[in-house]
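The values are calculated or read from the model by the stated rules, or taken from the named source; none is laboratory data. No experiment lies behind these values; they were computed from the predicted model shown. Note that each Cβ is placed from the backbone with ideal geometry, even for glycine, and that neighbours are counted across all protein chains shown. Heads up: the accessible areas ignore ligands, DNA and RNA and are worked out on the full protein's heavy atoms, side chains in. Shrake-Rupley method; radii C 1.70, N 1.55, O 1.52, S 1.80 Å.
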Amino acid sequence: KVLTVNVNGIRATKKNGGVEWLESAGVDVMCLQEVRATHEQLHVAIAESEFANWHVSHSPASELGRSGVAVLSREQPSAVRVGFKSEEFDHQGRWIEIDLASPVGLLTVVSVYVPIGHADKPLKQAEKYRFLDAMDARLAALATRASRTKRQVIVTGDFNVGHTELDIKNWKGNLKNAGFLPEERAYFDTMMHKQGWVDVGRAAHPDVAGPYTWWSFRGQAFDTDAGWRIDYHLATPALAEKAANYKVHRAASYDTRWTDHSPVVVDYTL
């Protein structure tokens, strides 16, 4: 059972009851984004939880209080890799992958946090495209390796892109905004149609709006379900066929939220 969630700061998550909720989820692998903590701060945040005994693979951002991704697993990884061998991005805490043993070969699990970008700020949007280029190359390499071996791969995280009109409630109003630009969405076309990745969430809910995974803290976006589906599970085809029980764990009410995202949990049979 694999969970992904943008925690919007693991220390804030602890204060708001998020760590306790994550304990109750009963998962085997937990992928986190926007950890916003040093190694020490992350371990302090989980010290009084069951995760204190888990294996923690963490890529913090060099700039304190920014980004950061992690994968927490019951099983000890056989390997941990950070980034794309990129001088620009590997210090930003945006990509980490671990290998776990399984009865049918290696399982690779990835946690990724794609930059937000900004349509009206060319430099920030150009940075997002450079990251997407680097991620595209790494995804292609992972897909090729998986097709030649028994390795299965799950790529999870906050991609900060809604792929289709079904992924954003107000898609017409966001056609010119970062997160729904045609150039960004084209990367998803490549992932799905050329590289063969399966969007497990969309496979579980074909032709259905959402289910959304992120709502702004501002206004009444959560109450009116004016959300975005930007948190994904991508899986290699053989593994995607064995995915079940895809669920977005939307909070019961605005005041019970401990992050502006919702955890997304999937069961995989290896």
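If you go through the stretch 89-118 and keep only what is surrounded by fewer than 16 Cβ atoms within 10 Å (Cβ to Cβ), at pLDDT below 95 and at negative phi, you end up with Ala101, Ser102, Pro103, Val104.
Summed over the stretch 20-55, residues that are touching a helix residue (DSSP H, G or I) at 6+ places or on another chain (Cβ under 9 Å), in a helix (DSSP H, G or I), without any contact (Cβ under 8 Å) to a residue 40 or more places away in the chain and closer than 26 Å to Val153 by Cα total 5.
The set of residues in the stretch 198-224 that are among the aromatic types (Phe, Trp, Tyr) and surrounded by 17 or more Cβ atoms within 10 Å (Cβ to Cβ) comprises Tyr212, Trp214, Trp215, Phe222. Within the option set Gly17, Gly105, Gly83, being in contact (Cβ under 8 Å) with a residue 40 or more places away in the chain, within 26 Å of Trp197 (Cβ to Cβ) and not aliphatic (A, V, I, L, M) holds for one residue only, Gly105. Here Thr190, Thr156 are screened, and the one residue that is of a type in the set (Val, Ile, Thr) and open to solvent by less than 10 Å² (accessible area, probe 1.4 Å) is Thr156. Is it the case that Ala238 is of a type in the set (A, V, I, L, M) and at pLDDT 95 or above? Spelling it out, it is not the case that Ala238 is of a type in the set (A, V, I, L, M) and at pLDDT 95 or above. The single condition from (1) within 30 Å of Asp99 (Cβ to Cβ); (2) touching a residue at least 12 places away in the same chain (Cβ under 8 Å) that Arg145 fails is (2).
Report yes if Lys1 is open to solvent by 70 Å² or more (accessible area, probe 1.4 Å), within 15 Å of the chain's Cα centre (by Cα) and either of a type outside the set (Gly, Ala, Ser) or closer than 25 Å to Arg130 by Cα (or both), otherwise no.
Values: open to solvent by 70 Å² or more (accessible area, probe 1.4 Å): yes; within 15 Å of the chain's Cα centre (by Cα): yes; either of a type outside the set (Gly, Ala, Ser) or closer than 25 Å to Arg130 by Cα (or both): yes.
Taking the combined requirement at face value, the residue satisfies it.
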